[in-house]
Amino acid sequence: MKKRYFILILSLLIGIYARAQVTLEQCVALAQENYPLIKKYDLLNQLKDVNLSDINKSWLPRINLYGQGSIQNDAPAFPESLSNMISQAGMDISGLDKWQYKIGADISQTIWDGGASKSQRKIEHSQDTERQAAMEVQMYAVRKRVEDLFFGILLIEEQAKQTRAMQGLLQENLRKLKSMLKNGTALQSDVDMVEAQYLSTEQQLTQAESTAGSYRKMLEIFVGQSLDGQELAKPDALMPQDLGTDRPELRHFDAQLQAIDAQYASITSRTMPKIGLFAQAYYGYPGLDYFENMIHRDLSFNVLAGIKVSWNIDAFYRKKNDKRKLRLASEEVSVNRDVFLFNTNLEAQSQIDRINELKAVMKEDDRIVELRTNVRKASESQLENGVIDATALLTKLTDEKTARLTASYHEIQLMQSIYQLKHILNK
């Protein structure tokens, strides 16, 4: 029964400990969700919808309402000889009035726009893809900043851990020296030296804890939640199996090329004729029947409708240069893509060399720590027997601390280097 209770309590403690840990992947995911730039994704979607709506509305009828009043220095009239003849017949034809006024509406409806709206929709979709890809590039930078903070905290907290271990050794040896001082087998200067070193490590620990706290606060700002009481779990140092590059920058380059390709269709559409219906309706003077308005100056209702074909041949003059500009822009994007791949591959190879170097160095870390520990233990025994003084012991303690700290640093640096390689390749 006791064994069963023990296992139950142990399981609960393990569960609590596990929940108190936070992984690097969790921090990156939380940071990307919390980063203010994430709100821009919704704004980009709204922008695309608005632009597409404007393009679709180009097929709606265009209505222009207007009112107009004018005076002119001359107006159409019958020749004087003809006017005299008509006057002799008892009719008065004075011609059009120089004062003219009307209120009306012009209506037009596109039947065929030469493929302009279709090409504009294609361009808008491709530009939206490019904007989204550019956003992914900016969001990807958040991952690097979070990883740097995460590993920075691990390094500083490891330093604090080793400093506490050093304090424990100093405290134990200080206790022994004080006892030896009472027995007359140690000098006061030895006690003072060890105590001074203990206080120095206390200062180092305070600085390390303060720096770690500052880094944690910055990480909390990124992830958008408190990390108090949560331990940062050391990531698995596993090399990526595939060393191919899958960075969001490459998708941005591809989106740029697609956006440029989409613009070729708009060049063709600009050289095509446009066909549409039109209608004009107005109430005023003069109307469409000029002869009637020369006799009677009454307001009238007038309607004019038809079909219109327009063809702007200026687009043919620019077609060759417009295509050349797009081709040059496409070549520039391709060059930028090649430069990025070259630099990325160079950076990846440099990181792989760094990882291999750390692995080679780490092979002897455990042995060095073991030897430094043996030397320190022997020095403690020698101090008790009066063979060496406190100065020699402190040197051995410092050597052991340095060896342990270096081994821990190498382990964390290897993890960080592997994650930096993953970041370079987006793995």
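Data table
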{"read-out": "Phi to ³J(HN,Hα) by Karplus 6.51 cos²θ - 1.76 cosθ + 1.60 over the range 198-209, Hz, x for Gly, Pro", "value": "5, 5, 5, 5, 5, 5, 4, 5, 4, 5, 5, 5"}
{"read-out": "Length released on extending from Val375 to Asp148, taking residue separation times 0.36 nm less the Cα-Cα span", "value": "78.1 nm"}
{"read-out": "Helix-only mean residue ellipticity at 222 nm for the chain, each DSSP H run of n ≥ 4 adding -39500 (n - 2.57), per residue, nearest 500", "value": "-24500 deg cm²/dmol"}
{"read-out": "Accessible-area value, Glu136, 1.4 Å probe, nucleic acids and ligands omitted, Å²", "value": "70 Å²"}
{"read-out": "FRET E, pair Trp59, Thr402, Förster distance 45 Å, beta-carbon r, rounded to 0.05", "value": "0.05"}
{"read-out": "Of all accessible heavy-atom area on the range 35-188, the percent that carbon and sulfur account for (1.4 Å)", "value": "56 percent"}
{"read-out": "Glu172-Ala281 FRET efficiency (beta carbon distance; Förster radius 60 Å; 0.05 resolution)", "value": "0.05"}
{"read-out": "Cα-Cα over 27 Å, subset of Lys57/Lys274; Lys234/Lys377; Lys274/Lys320; Lys40/Lys325; Lys359/Lys401; Lys182/Lys401", "value": "Lys234/Lys377; Lys40/Lys325; Lys182/Lys401"}
{"read-out": "Net lengthening on full extension, Asp192/Phe291 (0.36 nm per residue, minus Cα-Cα)", "value": "23.2 nm"}
{"read-out": "Ranked by how many other beta carbons lie within 10 Å on average, peptides 348-356, 65-73 from highest", "value": "348-356, 65-73"}
{"read-out": "Relative contact order (%) - the chain, alpha-carbon pairs under 8 angstrom, separation at least six", "value": "23 percent"}
{"read-out": "Among 210-216, 234-240, the order from most to least packed when residues are scored by Cβ within 10 Å on average", "value": "210-216, 234-240"}
{"read-out": "Under the Karplus curve 6.51 cos²θ - 1.76 cosθ + 1.60, θ = phi - 60°, whole-Hz ³J(HN,Hα) for the range 395-408, x wherever Gly or Pro sits", "value": "4, 5, 5, 5, 4, 5, 4, 4, 5, 5, 5, 5, 4, 5"}
{"read-out": "Cα-based equivalent ellipsoid, the range 144-190: semi-axes from gyration tensor eigenvalues, Å", "value": "40, 7, 4"}
{"read-out": "In nm, spacing of pseudo-spin labels at Ala233 and Asn385 (7 Å Cα→C-beta vector)", "value": "4.9 nm"}
{"read-out": "Derived scalar couplings ³J(HN,Hα) [the range 285-290; Karplus, 6.51 cos²θ - 1.76 cosθ + 1.60; whole Hz; x for Gly, Pro]", "value": "9, x, x, 6, 8, 5"}
{"read-out": "Among (i) 51; (ii) 55; (iii) 13, the entry derived from the coordinates for percent of Cα pairs over 41 Å apart", "value": "(ii)"}
{"read-out": "Peptides 188-200, 51-63 ordered by average Cβ neighbours within 10 Å, highest first", "value": "188-200, 51-63"}
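The values are calculated or read from the model by the stated rules, or taken from the named source; none is laboratory data. Nothing here was measured: the structure is a model prediction, and the numbers come from that model. Here the Cβ is made from the backbone with ideal geometry for all residues, glycine too, and neighbour counts use every protein chain on show. These accessible areas exclude ligands, DNA and RNA; they are computed on the full protein's heavy atoms, side chains included. Shrake-Rupley method; radii C 1.70, N 1.55, O 1.52, S 1.80 Å.
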